[in-house]
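Novice: Once you've had a glance at the structure underneath, I'll fire off some questions.
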Amino acid sequence: AWINWDFRELGWMRDGLSVWYLSEESGFSHLHVRGTAAGASERQITHGEFTVDAPRLSRDGKRFFVRASREQPGVVETYRVDATTGTMERLTRFDGLSEAVVSPDETRLAVLASAIARPNELYLQDAKPGAAARKVTDTLTPEFSAVRWTMPEILPIPSTHGAKPIYARVYKPADWSADRKWPAVAFVHGAGYLQNVHQGWSTYFREFMFH
């Protein structure tokens with residue numbers, strides 16, 4: 001078991017009689033609601049083999065805005081979730097790592113988004129599926145942009161501990177070929193949820209530079 005600081009948010013529903021919270025009871029972090037009265041029932045809102053975090057309840061209490069890795073473990077996007085049915089609408093499409101802040105009137109999103117070889121930049125978009133995102137910042141220096149970064153392949157590796165694969169970033173030299181043997185360096189990180197095999201700019205940027 002891993003006791004950590006993620007996936008532990010909670011708050012009141014608008015009726016003041018029930019609480020929403022994140023739980024890993026299903027094996028993945030998902031949204032739940034439970035009444036506070038004695039014998040009150042508990043209901044799981046989101047479902048699936050992915051994680052949900054950073055929930056924000058809408059002003060009318062009918063929907064949540066959340067981050068989720070629904071498409072792939074290395075891709076985090078913002079979704080809008082119906083608080084009754086659990087139906088999820090994907091609002092952002094950066095296909096990397098992104099984190100959104102909802103405007104006070106809940107019509108727009110301010111998003112920090114990154115790719116494997118591109119640090120976070122700020123974007124603005126409407127809070128609706130399919131909305132185009134407008135890039136607001138451009139912080140890369142000419143020196144950074146001139147580097148020919150070695151881009152990794154993200155590969156699923158069968159696990160001996162379960163049915164699901166373990167994802168890895170594989171960096172190959174420019175002249176790599178399969179007809180010869182190559183030396184390799186394996187970088188392993190096993191700290192609970194913390195992982196470095198995603199499609200965004202790593203918080204462990206030193207490791208990216210090392211690779």
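The values are calculated or read from the model by the stated rules, or taken from the named source; none is laboratory data. Keep in mind it's a predicted model, so treat the numbers as computed, not measured. In this analysis, Cβ positions are derived from the backbone assuming ideal geometry, glycine residues included, and neighbour counts consider all displayed protein chains. Note: areas computed on protein heavy atoms with side chains; ligands, DNA, RNA excluded. Shrake-Rupley method; radii C 1.70, N 1.55, O 1.52, S 1.80 Å.
Novice: Residue under question is THR150, and the condition is that it be without any contact (Cβ under 8 Å) to a residue 60 or more places away in the chain, part of a loop (DSSP other than H, G, I, E, B) and of a type outside the set (A, V, I, L, M); does it hold? First the steps, then the outcome.
Specialist: Numbers: without any contact (Cβ under 8 Å) to a residue 60 or more places away in the chain: no; part of a loop (DSSP other than H, G, I, E, B): yes; of a type outside the set (A, V, I, L, M): yes.
Here the answer is no, as THR150 does not meet what is asked.
Every residue, every condition in (1) of a type outside the set (Val, Ile, Thr); (2) open to solvent by less than 70 Å² (accessible area, probe 1.4 Å); (3) touching a His at 6+ places or on another chain (Cβ under 6 Å); (4) modelled with pLDDT of 85 or more, yes or no:
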{"site": "PRO142", "(1), (2), (3), (4)": "yes, no, no, yes"}
{"site": "SER145", "(1), (2), (3), (4)": "yes, no, no, yes"}
{"site": "MET151", "(1), (2), (3), (4)": "yes, no, no, yes"}
{"site": "ALA168", "(1), (2), (3), (4)": "yes, yes, no, yes"}
{"site": "SER177", "(1), (2), (3), (4)": "yes, yes, no, yes"}
{"site": "ARG180", "(1), (2), (3), (4)": "yes, no, no, yes"}
{"site": "ALA184", "(1), (2), (3), (4)": "yes, no, no, yes"}
{"site": "HIS189", "(1), (2), (3), (4)": "yes, no, no, no"}
{"site": "MET209", "(1), (2), (3), (4)": "yes, no, no, no"}
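Novice: For segment 102-114, which residues satisfy the criterion of being open to solvent by less than 30 Å² (accessible area, probe 1.4 Å) and over 15 Å from LEU57 (Cα atoms)?
Specialist: VAL111, ALA113, SER114
Novice: So GLU99 fits all but one of (1) open to solvent by 50 Å² or more (accessible area, probe 1.4 Å); (2) in contact (Cβ under 8 Å) with a residue 60 or more places away in the chain; (3) of a type outside the set (Ser, Thr, Tyr); what number is the exception?
Specialist: GLU99 satisfies all of (1) open to solvent by 50 Å² or more (accessible area, probe 1.4 Å); (2) in contact (Cβ under 8 Å) with a residue 60 or more places away in the chain; (3) of a type outside the set (Ser, Thr, Tyr) except (2).
Novice: Search segment 17-29 for residues being touching an Asp or Glu at 6+ places or on another chain (Cβ under 7 Å) and not in a strand (DSSP E or B), and hand back the single one that is least open to solvent (accessible area, probe 1.4 Å).
Specialist: Looking at residues that are touching an Asp or Glu at 6+ places or on another chain (Cβ under 7 Å) and not in a strand (DSSP E or B), I get SER29.
Novice: Any residue in segment 13-25 that is in contact (Cβ under 8 Å) with a residue 40 or more places away in the chain sitting within a Cβ distance under 8 Å of a residue that is surrounded by fewer than 16 Cβ atoms within 10 Å (Cβ to Cβ)? List the pairs, counting only those 6 or more apart or interchain.
Specialist: Filtered contacts from segment 13-25: MET13/GLY61; ARG14/ASP60; ARG14/GLY61; ASP15/GLY61; TRP20/LEU10; TRP20/GLY11; TRP20/TRP12.
Novice: Follow-up question, since we're still on this one. Can you pull out the residues in segment 103-144 that are over 15 Å from LEU91 (Cβ atoms) and small (Gly, Ala, Ser)?
Specialist: SER114, ALA115, ALA117 - these are the residues of segment 103-144 that are over 15 Å from LEU91 (Cβ atoms) and small (Gly, Ala, Ser).
Novice: Can you name every residue in segment 67-94 that is under 11 Å from the mean Cα position of the chain (by Cα) and surrounded by fewer than 16 Cβ atoms within 10 Å (Cβ to Cβ)?
Specialist: Of everything in segment 67-94, those that are under 11 Å from the mean Cα position of the chain (by Cα) and surrounded by fewer than 16 Cβ atoms within 10 Å (Cβ to Cβ) turn out to be GLU71, GLN72.
Novice: Against the definition (closer than 20 Å to GLY61 by Cα, open to solvent by 90 Å² or more (accessible area, probe 1.4 Å) and assigned to a loop (DSSP other than H, G, I, E, B)), how does ARG14 come out, yes or no?
Specialist: Against the criterion (closer than 20 Å to GLY61 by Cα, open to solvent by 90 Å² or more (accessible area, probe 1.4 Å) and assigned to a loop (DSSP other than H, G, I, E, B)), ARG14 qualifies.
Novice: Hey, another quick one. Hey, could you check segment 53-66 for residues that are farther than 16 Å from LYS128 by Cβ and of a type in the set (A, V, I, L, M) and say which is most open to solvent (accessible area, probe 1.4 Å)?
Specialist: ALA54
Novice: If you don't mind, there's one more thing I want to ask. Any residue that is under 19 Å from ILE116 (Cα atoms) and either part of a strand (DSSP E or B) or in contact (Cβ under 8 Å) with a residue 40 or more places away in the chain (or both) - is there at least one of those in segment 173-183?
Specialist: No - not one qualifying residue is present in segment 173-183.
Novice: Only one of HIS161, HIS198 is exposed (fewer than 10 other Cβ atoms within 10 Å of the Cβ) and under 25 Å from GLY48 (Cα atoms). Can you tell me which? Let's see the steps before the verdict.
Specialist: On the way: HIS198 fails: exposed (fewer than 10 other Cβ atoms within 10 Å of the Cβ).
Checking each option against the conditions leaves just HIS161.
Novice: Output yes when any residue across segment 36-48 is in a strand (DSSP E or B), surrounded by fewer than 17 Cβ atoms within 10 Å (Cβ to Cβ) and of a type in the set (D, E, K, R), and no when none is.
Specialist: Looking for residues that are in a strand (DSSP E or B), surrounded by fewer than 17 Cβ atoms within 10 Å (Cβ to Cβ) and of a type in the set (D, E, K, R), one finds at least one in segment 36-48, hence yes.
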